[in-house]
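Let me begin by presenting the structure, written as structure tokens, before commenting on it.
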Amino acid sequence: MSLEASRGDCVAMEPRAGVSKQDIREQIWDYMESQNLADFPRPVHHRIPNFKGSYLACQNIKDLDVFARTQEVKVDPDKPLEGVRLLALQSKKTLLVPTPRLRTGLFNKITPPPGATKDILRKCATSQGVRNYSVPIGLDSRVLVDLVVVGSVAVSEKGWRIGKGEGYADLEYAMMVSMGAASEETPVATIVHDCQVVDIPEELVEEHDITVDYILTPTRVIATGCERPKPMGITWFKISREMMEKIPILRSLRAREQQAGKDVTLQGEHQHLPEPGRQQTVPLSADRRPPDTPGPEANSMEAARGSPPGEGALLTADVFVGNLPQDARVSDLKRALRELGFVPQRLTWQGPRLRAFLHYPDSATAQQAVSCLQGLRLGTDTLRVALARQQRDK
């Protein structure tokens, strides 16, 4: 990957094979510092970078019809978004800001004092003001966010976004969907310097990543037209027990969803397979689903621990898929299965072991899937497909 100056301060980033999100972050941070595009706080490494011209970029949000129609807007607490927070307050919109690292809840509602002057509103829009002029919003509050504004380290004109790597913006959006404060129709905007608009390989975008609909820079307003579905809720198998301990509101949301009968298996927890006849059919589809419908990822396991399927628990309706490439992602396999029309009810992903298990409703469907999936390839690798019970018996 290389950085080349173009269009003034813009960066042309040429993706190369094997580039990672962290590679792109480091290149952006290094470039902004070396070209003196960064603004306080510095250095911008490991942050959502503030930049010279951020207030100008924020002013461009006034050109969006979606902002004009917005009644409630959620804006991240990052420094470069300060101008949007001020505009929201000046426009008398309800301004919600996530609590730092979600330790004490999900939102704080900024409540300026009566008769607040422009100077007071400006203070309310700062990180200090968020602490001094806000009240917490609980899970049972009737909140319906019309627009989400997030910070980014890098973003592409297609709508792919890379944050600083901690995943809070993605998690916040998923939590809003889970509590009914947002839906996948809720638009997302980001404020960045022109140099942060770069090419991002689509294969780096994961199912839990939020995408952006609008990109605002000091010189441009970009409508991405992104049609990739946003998170439909919390992907519990991505949540670790350590994260659950750090974020109390996650525990409350998990309890609610568990009571509603949803799969809330956490990262590293072993999931026992129900009998095929009692499984709920969950299509592995990128099509939009109602907010209360669990997505297929909720029934997947990112890594296998304990006894995997096939060690005394395999059913005739299970299909083994082996010889997965080292760099394969669960989304790659799901996409291939959708294209062939043999979508399983559930999918157990064991990427570190280079294998996966597909769970079908009955043995006849599984047999048919095995026949039709022969020769299935991911990249240059031909996968090994067989009935799981037969595979174990070898």
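Here are a few things to note about the model shown:
- The strands (runs of 3 or more DSSP E) found wholly in the range 313-372 and carrying at least 3 residues that are within 23 Å of the chain's Cα centre (by Cα) occupy 346-350.
- The residues on offer are Asp119, Asp76, Asp140, Asp65, and the sole one that is buried (at least 21 other Cβ atoms within 10 Å of the Cβ) and of a type in the set (Asp, Glu) is Asp76.
- For the range 167-193, filtering for residues that are within 17 Å of Lys79 (Cα to Cα) and of a type outside the set (Gly, Ala, Ser) leaves 5.
- Filtered by the rule that a residue be under 21 Å from Tyr168 (Cβ atoms) and either assigned to a strand (DSSP E or B) or at pLDDT 95 or above (or both), the range 49-79 gives Pro49, Asn50, Phe51, Ser54, Cys58, Glu72, Val73, Lys74, Val75.
- Residue satisfying condition, being in contact (Cβ under 8 Å) with a residue 40 or more places away in the chain and more than 19 Å from Met232 (Cβ to Cβ), within set Ser134, Ser156, Ser141: Ser156
- Of all residues in the range 336-377, those that are free of Cβ contacts under 8 Å to residues at least 24 places away in the same chain and under 24 Å from Gly268 (Cα atoms) total 0.
- Just one residue in the set Gly261, Gly225 is on the phi > 0 side of the Ramachandran plot, in a loop (DSSP other than H, G, I, E, B) and modelled with pLDDT of 85 or more; that residue is Gly225.
- From Leu376, Leu340, residue being in contact with a Leu (Cβ under 6 Å, 6 or more places away or on another chain) and modelled with pLDDT of 60 or more: Leu376
- Test for Asp199: is it of a type in the set (Asp, Glu), at pLDDT 90 or above and outside any helix (DSSP H, G or I): yes
- The requirement of being at pLDDT 90 or above and hydroxyl-bearing (Ser, Thr, Tyr) is fulfilled nowhere in the range 96-107; no residue meets it.
- Within the range 79-92, tally of residues that are free of Cβ contacts under 8 Å to residues at least 40 places away in the same chain and crowded, with 18+ Cβ neighbours inside 10 Å: 4
- The criterion of at least 1 residues that are over 14 Å from the mean Cα position of the chain (by Cα) is met, among helices (runs of 4 or more DSSP H) falling completely within the range 81-188, by 82-90, 118-124, 127-132.
- Inter-residue pairs, beta-carbon under 6 Å, first of a type in the set (A, V, I, L, M, F, W, C) and in the range 111-126, second outside any helix (DSSP H, G or I), 6+ apart: Leu121/Pro112; Cys124/Ile110; Cys124/Pro112; Cys124/Tyr133
The values are calculated or read from the model by the stated rules, or taken from the named source; none is laboratory data. These numbers come from a predicted model, not from an experiment. Using ideal geometry, Cβ is built from the backbone for each residue, glycine included, and neighbour counts are taken over all protein chains shown.
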